[in-house]
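Read the figures in this text as sums done on the coordinates, not as results from a lab. As the structure is a computational prediction, the values presented were derived from the model and not from experiment. Virtual Cβ from ideal backbone geometry, glycine too; neighbours counted across all protein chains shown.
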Amino acid sequence: MNTTGVDHDLRRVPRAWLDALELTAGSAEPVATYAPVLALTVTREAEGSRQVLACVRSPQENRTHPGVLSSPTVRVRGVEDLSGLPTGRATEGVPAWLGAHVDQLLGGKLAAASELTAGLAPDFVQVWQAHSVIGIAGGRPVTEALTMINAHISVPAGVEVFPATTASYSWIGFVDEERHARAVERRDAELLGVSFGAETPLVYGLCTLSTAAMLKATAQALIS
């Protein structure tokens, strides 16, 4: 995708363009034109409630959506057909390619030690498609068609699995599930109630929207 001349700073994009983002469930469109991306919804139990992992995309390592609140993501390579990907509860496991991408994301962009992530596997999967605004050029929005595969994993309470920063993420931390829902709904990171140590990130993207949807789905699954 040629993005020469595109301003990728979403703070200079009209808010109405960002507010228009809507997810479509499933993968009706081919991944050849809707590029597949894996997002992880990572949760843990803490202080009697559930928390979810959030990140801020480092401008130095992320050409698109720099400085934006994110769930951990990685581009999916070598997969041309998602028809065999089960969604919902992963009662019979997930395809090998999905497990490999989960491991790649945990040990790569999240820089988690392998001994802390050994045995972690997705227990719930959802798939969404949408056009994501990635910048502005000539006064018009520049978008990318994406297929967002969101996989849920849970990590043990009381164990610090992830560092506070990595090359890919300038901030990594767990936040309250309900605060995350409000922050995504209102697109306001200050509602998370945490200090980012720098400029408050913008809230936008398929990954955070799909994680909000995943949190709802898995919360319902827990009580059903």
Worksheet item: For the chain, modelled as a GNM with alpha-carbon contacts under 10 angstrom, which of 100, 111, 54 fluctuates the most?
Response: 100
Item to complete: Would you mind telling me the antiparallel percentage of the DSSP bridges in the chain, rounded to 5?
Response: 75
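Dividing the convex hull volume of the Cα atoms of segment 1-113 by its residue count, what figure in Å³ per residue is obtained?
Per-residue hull volume (Cα only) is 175 Å³.
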Worksheet item: For segment 51-106, which semi-axes, largest first and in whole Å, follow from the square roots of 5 times the eigenvalues of its Cα gyration tensor?
Response: 26, 15, 10
Item to complete: Select from 188, 176, 81 the residue whose mean-square fluctuation is largest in a Gaussian network model of the chain (Cα-Cα springs shorter than 10 Å).
Response: 81
Practice prompt. Give me the compactness ratio for segment 32-181, meaning the Cα radius of gyration over 2.2 N^0.38 Å.
Written response: 1.06
Practice prompt. Using a cut-off of under 20 Å, list every residue of segment 170-193 whose amide N is near the label point 7 Å from the Cα of residue 157 along the Cα-to-beta-carbon line.
Written response: 173-181
Item to complete: Calculate for the chain the 222 nm mean residue ellipticity that helices alone would give, adding -39,500 (n - 2.57) per DSSP H run of length 4 or more and normalising by residue count, nearest 500 deg cm²/dmol.
Response: -6500 deg cm²/dmol
Practice prompt. With a point put 7 Å past each Cα toward its Cβ, work out how far residue 165 is from residue 131 in nm, to one decimal.
Written response: 3.7
Worksheet, complete the sentence: Quick calc: nm separation of the 7 Å Cα→Cβ label points for residue 190 and residue 20 -> 2.7
Worksheet item: Taking the Cα-to-Cβ direction at residue 111 and at residue 11 and moving 7 Å from each Cα, how far apart do the two end points lie in nm?
Response: 2.4
Worksheet item: Among all stretches of the chain without exposed trypsin sites (Lys or Arg not before Pro) (DSSP loop, at most 13 other Cβ atoms within 10 Å), which one is longest?
Response: 78-224
Item to complete: Provide the gained length on full extension for the span residue 60 to residue 100, in nm with one decimal, where the gain is 0.36 nm per separating residue minus the Cα-Cα distance.
Response: 11.8 nm
Fill in: Area projected by the alpha carbon convex hull of segment 94-152, averaged over all directions, nm²
5.2
Worksheet item: So how long is each side of segment 133-224 along the principal axes, counting just the alpha-carbon atoms, biggest first, in Å?
Response: 48, 34, 24
